[in-house]
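Please read the structure below before turning to the comments.
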């Protein structure tokens, strides 16, 4: 389940309804799906897309997306640091960024009109970050994410870097289950 951290307010949102409402107020669509497809370890991208064909087709129809693929990143991905360096600088795209997380976790830092907030996504989270939204992305410590990506035009997904430098003010720290559990418990 997604977690939103708002550093300027020292606030963390963990309730799915609060997360969805907060994101909706900033134009970001969020849903949590329970992945109900049995996929063998190491399933190919084609097997993943076939398993989620119905949901992917519905998303394509809803958002005008024409293609989908699967990104599969592990700590053993060749040139991982170079690849992550492209995503970890503030940028925006000419089209929506749509991700359905199959496995793993990552952080979207979003530079909204009212400041920067951090969205940690994990297995089952579906987000749509609208085109033109300033953001950057980092993997969590385990450096693992597998996601279905949807595109209106793959060439439109080119990052346009802002070079604002704001991304240097934020650490790529994931919250994780232990953190979420601790803040969800009442303090004595």
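We did not get these values from a lab; they are worked out from the coordinates using the rules stated. Treat the numbers as computed from the prediction; the structure is a model and nothing was measured. Glycine gets a Cβ as well: all are built from the backbone with ideal geometry, and neighbour counts include every protein chain shown.
P(r) tail for the chain: Cα pairs beyond 22 Å make up 46% of the total. Label 7 Å along Cα→Cβ of residue 31; the stretch 101-135 residues with amide nitrogen under 15 Å? The answer is 101-102, 124-129, whose backbone nitrogens lie closer than 15 Å to the label point. Taking 0.36 nm per residue of separation and subtracting the Cα-Cα distance, full extension of the segment from residue 61 to residue 149 would add 30.2 nm. FRET efficiency for the pair residue 85 and residue 47, taken as 1/(1 + (r/R0)^6) with r the Cβ-Cβ distance and R0 = 41 Å, rounds to 0.85.
Tell me, what is the FRET efficiency for residue 131 and residue 76 to the nearest 0.05, using R0 = 30 angstrom and their Cβ-Cβ distance as r? The computed FRET efficiency comes out at 0.40. At a temperature of 25 °C and a viscosity of 0.890 mPa s, determine how fast the stretch 1-70 diffuses translationally according to Stokes-Einstein, using the Kirkwood radius over alpha-carbon pairs as Rh; express D in µm²/s, rounded to the nearest whole number. So the translational diffusion coefficient is about 169 µm²/s.
For the modelled label position 7 Å from the Cα of residue 9 along Cα-to-Cβ, which residues of the stretch 106-137 have backbone nitrogen atoms closer than 17 Å? Taking a point 7 Å out along Cα→Cβ of residue 9, the residues of the stretch 106-137 whose backbone N falls under 17 Å are 109-120.
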